[in-house]
Structures are given as structure tokens and as C-alpha cells.
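The values are calculated or read from the model by the stated rules, or taken from the named source; none is laboratory data. A quick note: this is a predicted structure, and the numbers were derived from the prediction, not measured. Cβ placement follows ideal geometry from the backbone for every residue including glycine, while neighbour counts extend to all protein chains displayed. Just the protein is used for accessible areas: all its heavy atoms, side chains included, with ligands, DNA and RNA removed. Shrake-Rupley method; radii C 1.70, N 1.55, O 1.52, S 1.80 Å.
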Amino acid sequence: MRVAIIGAGVAGLASARRCLENNFEPIVYERSKGVGGTWVYDERTGLDEFGLPIHTSMYKNLMTNLPKELMDFPNFPYTGLDNVSFLKPCQVQEYIEQFTEHFELNKHIRFCSLVTSVEKLTNNWQVTAENLKTKISKTEYYDAVIVCNGHNAVPFTPDIPGNNDFDGIQIHSHNYRVPEHFTNLNVLIIGSGPSGTDICLDVSKVANQVFFSHHKPELIEKDFPKNVIHKPDVEHFSKKSVSFKDKTKQTLDAIIYCTGYKITLPFLKPSCGIDVLNDKLITPLYKNIINMYNPTMGFIGYLNMTFVFRIFDLQVRYYLEFLRQNSSSRLDCMITAMTPVSTHFLGKNMLDYCKSLLLDTIKVEPIPPIYFEICNECHKLKDKYHRSYHSSVVRIINNDDYVIEFDSKNAKNK
């Protein structure tokens with residue numbers, strides 16, 4: 001079976017590896033010059049050398065919010081990092097490159113190839129891609145398509161009254177790289193997801209004052225730097241200030257929107273049978289993977305709030321086994337038995353989601369329970385020590401036992 005894989009980030013590389021193990025023929029299309037997707041740190045913002053938007057959202061001082069023990073592919077551990085668990089993006093990127101080399105995936109990847117069109121024909125798929133160096137387009141045909149182009153590249157910025165009148169700096173977290181640009185400024189952070197909280201702490205090191213706009217009461221109880229002021233939602237902007245819904249007003253120099261991303265699939269033609277509702281939900285997908293209208297198209301990696309490497313790998317293994325067990329005629333008959341998902345958000349439902357893949361008639365090896373236990377304990381540690389949990393070290397002893405080393409007595413905050 002010939003399989004087109006769109007994207008050479010974590011999801012695409014996991015897909016290529018498992019395709020090769022199942023004697024499928026993968027061809028990976030990657031628009032950039034290398035693997036890694038969102039894990040590639042690029043100082044540039046705006047457009048790349050090909051005139052396309054920079055894909056990555058990585059910033060210089062980012063540290064992973066999950067330990068490396070939850071950020072590895074099965075049977076391919078990190079090396080040389082025994083006494084550290086929370087990593088810099090460059091360390092994760094190096095691991096991804098080592099994984100790519102070890103499984104000899106590079107020879108299956110077409111770099112600088114932008115997929116411009118995917119169409120469903122009667123018995124196969126037609127994929128057209130442009131070589132960004134030569135500007136020549138080429139069309140090829142496949143038995144299946146796996147979409148892995150990610151969902152953290154196209155910023156969503158809310159339309160707040162007066163934002164066009166504001167005279168200062170306005171950027172989305174997608175274009176945030178270093179805090180030094182905000183030295184001695186009054187900065188507003190909008191949004192309190194992982195990036196919002198992290199960038200708030202990063203900017204506070206150099207800013208005069210940081211106004212942190214969110215509606216999470218639990219964050220107010222945490223220990224933040226003295227120059228961080230928690231504020232409710234924004235009501236409107238003026239030329240040099242912001243007014244909040246608590247009727248207070250503050251002079252402002254810069255705004256950083258940490259407000260999430262849109263899902264965009266511009267290359268999928270109507271024949272694919274896929275819609276993106278409100279820029280947030282790919283539909284109709286069964287198990288967050290299978291295109292219900294055309295089951296030989298799968299989607300890997302469009303999950304939020306999860307540990308991605310092993311769960312993306314589980315998705316791939318499930319989908320390839322699904323393809324292997326079912327002929328084209330049977331796939332078409334199975335659509336009536338499928339129900340579409342209504343969200344890509346997992347969070348506390350992560351374990352239930354993974355179990356749902358195992359309860360199906362498709363049989364795949366489960367993720368060992370210890371990884372879910374580590375994930376839960378790390379979230380508890382992060383909640384309690386949100387400014388110092390990165391110093392903890394996770395050690396997996398065997399498939400049933402682990403320890404988390406952390407100096408709570410000398411931790412900065414609670």
C-alpha cells in the first residue's frame with residue numbers, strides 16, 4: 001500500500017516509521033528543509049525564504065511542560081540526559097533528528113515540498129505538491145493519505161474592541177521569541193494556557209509590569225513575580241491603554257495574545273469529505289483519526305492536552321491496523337457504524353480515549369499504564385510548584401514502578 005504522509009513533525013515521523021514496519025510504502029511531504037515541525041526553533045518570524053509563514057511557535061527560553069519520559073517514541077529512549085527530565089526545544093529537536101536517522105526515514109521524505117491539493121478519486125488519492133526550490137508541481141497517486149501537518153501554526157487572535165486603535169506592540173505568542181524586546185515595558189498577556197503562563201513568567205524578568213488577563217481563579221492563588229498583576233478579561237483598548245471588565249484602566253506598551261491557534265487544511269479539496277468547524281474541529285472523524293466519508297484518509301496528531309509522542313504513535317498503529325484488516329469495499333460499509341468526535345481536547349479523558357482504541361475490533365499494543373500515572377503526578381507537581389517543577393527528575397524503574405525526584409523544601413513557590 002502506497003501512503004502519502006503530509007508533514008514530517010512528530011506525527012508524520014511516527015507514521016512513516018510504522019508504515020515501514022507494516023510493509024507499507026510511505027512518501028512524506030515536508031514543506032521545510034528538515035524534520036521536527038513545531039519543535040524547530042527559528043529566530044525568524046513572519047515569512048520564510050519561500051514566502052510562506054514561519055511554521056514554528058518555539059521561543060528561546062521555553063522548557064517542556066512534560067518530562068522527556070513522556071516525550072519519547074516507544075523503544076527509542078533519549079540518551080545522555082539521565083539527570084534531567086524537562087528539556088529545551090533544541091534537545092527535543094536533536095532527539096527527533098536521531099529518531100529520523102535511526103529508522104532511516106530521511107530517504108522517504110521529500111523536503112521543501114508543499115502539498116497544494118489532495119483529491120479523492122474513485123479508487124485512490126491524487127496528491128499534488130510544489131517543489132519550493134524549483135517551483136515545479138508534481139501529481140502522484142496513493143492508496144491512502146495520512147494528514148499530519150499540525151494545529152499550532154496559524155494564530156487565532158480575538159477581535160477585541162479598540163485593538164486596531166492601540167498604538168503599541170501587538171503580537172501573537174506564535175511570534176514570541178525572546179523577552180528582551182519587552183524590557184522596561186508595560187505588557188499585557190491575554191490567555192492563560194501553558195504558553196500564556198510560561199510567557200508571562202518569561203516576560204516578567206525584564207518588563208516593568210505585566211498584566212495577566214485570564215479567568216482562572218486558581219492562578220491567582222499561585223506565587224507569581226511581584227510585577228505580575230492578575231486581571232480579568234479585556235473590555236476594550238485605546239491608543240495607549242487597556243480597560244478591563246473590572247472597570248480598571250492601565251497604561252500599556254505591548255500586547256501578547258496567547259489565545260491559541262486555528263486548524264487549517266487548505267489543500268484538502270471537497271472530494272475529501274472533510275470540514276473544519278469554527279477553525280477548531282476537523283469533522284467527521286472517527287476516534288479522532290479516521291475520515292468517516294473516506295476511511296483511507298487518516299489524521300494523526302490533532303489532539304490537545306496530551307503527551308504527544310506515544311499517543312500519536314498509538315493513533316498510527318491503530319490506523320494502520322485498521323487499513324491492514326479491511327479491504328476498500330468493507331471500509332465503505334463500515335461508515336454507518338462510526339460516530340464522529342465532537343472535540344480534539346483530551347485532558348482528563350486521555351486514558352479513556354486510549355482505552356477506546358483498545359476496545360475496538362482493531363487490536364494494538366496498549367501504552368503501559370505507568371505513563372499515565374507519571375503524567376498525572378507531573379501535573380500535580382506543576383500545579384503545586386508552577387515556577388520550579390522543571391527541576392524535578394523522573395526515573396522509570398520498570399514497567400510498573402517509577403520515582404520523581406524533587407527538592408520540595410527548597411522549591412521557589414507553592
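Structural remarks
- Some residue of the range 297-307 being open to solvent by 30 Å² or more (accessible area, probe 1.4 Å) and assigned to a loop (DSSP other than H, G, I, E, B): yes
- When the criteria are applied in full, LYS287 fails the requirement of being at pLDDT 95 or above and out of contact with any helix residue (DSSP H, G or I) (no Cβ under 9 Å at 6 or more places or on another chain).
- Residues that are in contact with a strand residue (DSSP E or B) (Cβ under 9 Å, 6 or more places away or on another chain), open to solvent by 50 Å² or more (accessible area, probe 1.4 Å), over 18 Å from GLY7 (Cβ atoms) and not in a strand (DSSP E or B) within the range 238-266 comprise LYS240, LYS245, ASP246, LYS247, ASP253, listed in sequence order.
- Scanning the range 272-296 for residues that are open to solvent by 20 Å² or more (accessible area, probe 1.4 Å) and without any contact (Cβ under 8 Å) to a residue 40 or more places away in the chain turns up ILE274, ASP275, VAL276, LEU277, ASN278.
- Sole residue being among the β-branched types (Val, Ile, Thr), within 17 Å of the chain's Cα centre (by Cα) and closer than 24 Å to LEU314 by Cβ, chosen from ILE96, ILE54: ILE96
- Residue in the range 352-371 that is nearest to CYS200 (Cα to Cα), counting only those that are modelled with pLDDT of 90 or more and buried (at least 17 other Cβ atoms within 10 Å of the Cβ): TYR371
- Residues in the range 144-172 that are open to solvent by less than 50 Å² (accessible area, probe 1.4 Å) and part of a loop (DSSP other than H, G, I, E, B): CYS148, ASN149, GLY150, HIS151, ALA153, PRO158, ILE160, GLY162, ASN163, PHE166, GLY168.
- Only one entry in LYS222, LYS269, LYS216, LYS205 is surrounded by 14 or more Cβ atoms within 10 Å (Cβ to Cβ), charged (D, E, K, R) and closer than 30 Å to VAL127 by Cα, namely LYS269.
- Residue match in the range 388-401 (condition: β-branched (Val, Ile, Thr), in a helix (DSSP H, G or I), more than 30 Å from ILE274 (Cβ to Cβ) and more than 20 Å from the chain's Cα centre (by Cα)): no
- Just one of the numbered conditions (1) among the β-branched types (Val, Ile, Thr); (2) open to solvent by 10 Å² or more (accessible area, probe 1.4 Å); (3) closer than 30 Å to LYS135 by Cα is not true of THR79: (3).
- The residues on offer are GLU180, GLU235, and the sole one that is more than 22 Å from TYR389 (Cβ to Cβ) and assigned to a helix (DSSP H, G or I) is GLU180.
- Flag if VAL35 is out of contact with any strand residue (DSSP E or B) (no Cβ under 8 Å at 6 or more places or on another chain), hydrophobic (A, V, I, L, M, F, W, C), buried (at least 24 other Cβ atoms within 10 Å of the Cβ) and at pLDDT 95 or above: no
- Qualifying residue in the range 332-347 (condition: surrounded by 19 or more Cβ atoms within 10 Å (Cβ to Cβ) and closer than 27 Å to PHE99 by Cβ): yes
- Any pair with Cβ under 8 angstrom, 6 or more apart, that starts in the range 20-34 at a residue that is in contact (Cβ under 8 Å) with a residue 24 or more places away in the chain and ends at one that is of a type outside the set (A, V, I, L, M, F, W, C) and part of a loop (DSSP other than H, G, I, E, B): VAL28/GLY7; TYR29/GLY7; GLU30/GLY7; ARG31/HIS55; SER32/ASP48; SER32/HIS55
- Some residue of the range 126-143 being assigned to a loop (DSSP other than H, G, I, E, B), open to solvent by 40 Å² or more (accessible area, probe 1.4 Å) and within 19 Å of SER57 (Cα to Cα): no
- Which listed residue is under 30 Å from ARG17 (Cβ atoms), open to solvent by 30 Å² or more (accessible area, probe 1.4 Å), at pLDDT 95 or above and in contact with a helix residue (DSSP H, G or I) (Cβ under 9 Å, 6 or more places away or on another chain), from GLN98, GLN91: GLN91
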